[in-house]
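J.: Quick one: this structure, given as structure tokens, is what I'll be asking you about.
The values are calculated or read from the model by the stated rules, or taken from the named source; none is laboratory data. All values derive from a computational prediction rather than experimental measurement. So basically every Cβ, Gly included, is an ideal-geometry build from the backbone, and we count neighbours across all protein chains shown. Side chains included, ligands, DNA and RNA excluded: accessible areas come from the protein's heavy atoms. Shrake-Rupley method; radii C 1.70, N 1.55, O 1.52, S 1.80 Å.
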Amino acid sequence: MTEKPPPDPRRRDRAATRAALLDAARLRFSRQGYDGTGIREIAADVGVDPALISRYFGSKRKLYAEAVRVDIPAGLTADPHRPVPHIADALLREVVFGDWEMFHGEHPFLVMLRSSGNPAVRDQLHIQLCEGYLRDFAGRLKGQDAALRAELIGALLLGMGVMRSIVGSPALSEASFEQTRRLVARLVHALSAE
């Protein structure tokens, strides 16, 4: 009597597991913040051993950094001569009206704001926002105080994102993109003019 060989072990798909861990982390971090989320919870959501987080990402902090990383959209950086009001429209659509399903409906910057009491998260938010988006934006403005004006435009958009998706302010939550865009365009024009 010959024994049957054991069935082939299920082949693991490293890329799929890593992607699933990132998706689970994004949802957990957006709902519970950085400090309220444990690596065991993320691993349990995917049905894997928590040690895989260390193997694939190195640490919870590195997983968080990758999960909430936001690149400047190609449409904003591709044409350095693109008019500032058009860039503001694109940012309004992305930051305030974007449907970030992977982050429970919020822009990753808003997700990071929830955890900004943690110094590492605050540093990451500063780097992505100030050394990424706002530095690029300031480079497109002419005249004095370009960095300050870029930060004011950024504060306007980020504040609108907070009011709309976190606070749930009634008028902004119900306003259409086009209605909001017309009003924001006036403010952006005033701040972007030399």
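J.: For the chain, report the convex hull volume of the alpha-carbon atoms normalised per residue, in Å³, without decimals.
T.: Hull volume normalised by residue count: 150 Å³.
J.: By the gyration tensor of its Cα atoms, with a ≥ b ≥ c the square roots of the eigenvalues, what is the shape of segment 86-194: rounded for a/c under 1.5, prolate for a/b over b/c, or oblate? Mind dumping the intermediate values first?
T.: On the way: a/c = 2.12, a/b = 1.11, b/c = 1.92.
It is oblate, given that a/c is not under 1.5 and a/b is not larger than b/c.
J.: Can you tell me how segment 89-138 classifies by the Cα gyration tensor, rounded, prolate or oblate, using a/c under 1.5 as the rounded cut? Walk me through the intermediate numbers first.
T.: Working: a/c = 3.07, a/b = 1.12, b/c = 2.74.
In terms of gyration-tensor shape, oblate.
J.: Can you pull the percent of the chain's accessible area that's carbon plus sulfur, 1.4 Å probe, other chains left in place?
T.: Numbers: 6160 of 11510 Å².
Carbon with sulfur: 53 percent of the solvent-accessible area.
J.: Turning to a different aspect of this structure: Would you kindly state how much longer the chain becomes between ALA155 and ALA19 on full extension, computed as 0.36 nm times their sequence separation minus their alpha carbon distance, in nm to one decimal? Walk me through the numbers on the way to the answer.
T.: Working: separation 136, 0.36 × 136 = 48.96 nm, distance 3.17 nm.
The ALA155-ALA19 span can extend by a further 45.8 nm.
J.: What's the extension gain from GLN179 to ARG135 if we count 0.36 nm per residue and subtract their Cα-Cα distance?
T.: 13.1 nm
J.: With a 10 Å cut-off between alpha carbons and a GNM built on the chain, which of GLN124, GLN32, GLN144 moves the most?
T.: Of the options given, GLN144 has the highest mean-square fluctuation.
J.: Taking trypsin sites (Lys or Arg not before Pro) as exposed when DSSP calls them loop (any state but H, G, I, E, B) and at most 14 other Cβ atoms lie within 10 Å, what is the longest stretch of the chain free of them, the sites themselves excluded?
T.: Value returned for the longest uninterrupted segment is 70-141.
J.: What's the local net charge at ARG181, with K and R +1, D and E -1, over the other residues with C-beta under 11 Å away?
T.: Cβ neighbours under 11 Å give a net charge of +1.
J.: If you don't mind, there's one more thing I want to ask. Summing -39500 (n - 2.57) over the DSSP H runs of n ≥ 4 in the chain and dividing by its residue number, what mean residue ellipticity at 222 nm do you reach, to the nearest 500 deg cm²/dmol?
T.: On the way: 12 runs with 112 residues, N = 194.
When only DSSP H runs of four or more count, the value is -16500 deg cm²/dmol.
J.: Moving to a separate point now. Helix hunt in the chain: which complete DSSP H runs extend at least 15 Å axially by C-alpha with mean Kyte-Doolittle at least -0.5?
T.: Qualifying helices: 14-32, 146-161, 177-192.
J.: Roll a 1.4 Å probe over the protein chains and send me the accessible area per residue for the chain in Å². Provide the component values of the computation, followed by the final result.
T.: Values: 11510 Å² over 194 residues.
It amounts to 59 Å² per residue over the chain.
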